[in-house]
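The values are calculated or read from the model by the stated rules, or taken from the named source; none is laboratory data. Being a predicted model, the structure only gives us computed values, none of them experimental. Every residue, glycine among them, receives a Cβ derived from its backbone with ideal geometry; neighbour counts consider all protein chains shown.
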Amino acid sequence: MLATRLRLLVAALWAGSLWTIGYVVAPTLFLNLNDNVQAGTMVGFLLRSQAWLSIGCAIILYALVKLSKIEPAQKRTLSLMIVAMLACALVIYVGLQPAMASLKEAAGAAGLGGTPEGRRFGILHGVSQMVYLVESVLGGALLVKMR
């Protein structure tokens with residue numbers, strides 16, 4: 001019983017943090033700060049923290065699922081969902097975010113607007129948003145399957 005509650009709590013922390021940062025905090029910063037560069041920097045910091053939280057939750061949750069006394073089929077499903085969510089977080093944190101940061105840094109004070117680098121940044125940003133969406137949806141499905 002305690003193990004079930006603990007699994008649900010960790011899954012809720014993970015999914016809830018994804019939803020809060022991605023769909024409440026980030027849009028609020030862009031809507032209310034006059035400087036999109038500053039908003040982007042703040043969101044970048046939050047997403048790095050989110051990535052570490054995702055890694056931690058994935059490790060803890062995977063261990064809790066593996067140690068749980070649940071049916072093998074459910075254990076396999078939950079494990080696959082956790083690994084898929086972790087993969088999403090790592091693709092964003094290790095692959096896409098550094099590439100986007102590199103493009104922004106190379107542009108310097110001139111910014112990315114209207115440049116080929118700006119277009120590349122936009123493509124990477126769109127891919128990052130799609131991967132984040134997949135991770136967020138998987139988080140909801142994980143909560144449903146966790147019960």
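Scanning the range 76-95 turns up one or more residues that are charged (D, E, K, R) and modelled with pLDDT of 95 or more.
Each row is one residue, and each column tells you yes or no for (1) buried (at least 18 other Cβ atoms within 10 Å of the Cβ); (2) not hydroxyl-bearing (Ser, Thr, Tyr).
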residue	(1), (2)
Trp14	yes, yes
Ala26	yes, yes
Gly56	no, yes
Tyr62	no, no
Pro72	no, yes
Gly95	no, yes
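The residue that is surrounded by the fewest Cβ atoms within 10 Å (Cβ to Cβ), counting only those in the range 32-54 that are among the aliphatic types (A, V, I, L, M) and closer than 21 Å to Lys104 by Cβ, is Val37. A search for C-beta distances below 6 Å between a residue of the range 57-84 that is farther than 16 Å from Val137 by Cα and in contact (Cβ under 8 Å) with a residue 12 or more places away in the chain and any residue that is surrounded by 12 or more Cβ atoms within 10 Å (Cβ to Cβ) and of a type in the set (Ser, Thr, Tyr), counting only pairs 6+ apart in sequence or on different chains, returns Val65/Ser79. Is it the case that some residue within the range 90-106 is hydrophobic (A, V, I, L, M, F, W, C), assigned to a helix (DSSP H, G or I) and either over 20 Å from the mean Cα position of the chain (by Cα) or closer than 27 Å to Met1 by Cβ (or both)? Yes, the conditions are met somewhere in the range 90-106.
Scanning the range 107-118 for residues that are in a helix (DSSP H, G or I) and exposed (fewer than 12 other Cβ atoms within 10 Å of the Cβ) yields a total of 4.
Could you list, in sequence order, the residues of the range 131-147 that are of a type in the set (Lys, Arg) and assigned to a helix (DSSP H, G or I)?
Of the residues in the range 131-147, the ones of a type in the set (Lys, Arg) are 145, 147.
Answer for the range 131-147, where residues must be of a type in the set (Lys, Arg) and assigned to a helix (DSSP H, G or I): just Lys145.
Whether a residue is free of Cβ contacts under 8 Å to residues at least 60 places away in the same chain and not hydroxyl-bearing (Ser, Thr, Tyr) was assessed, and Leu33 passes this test.
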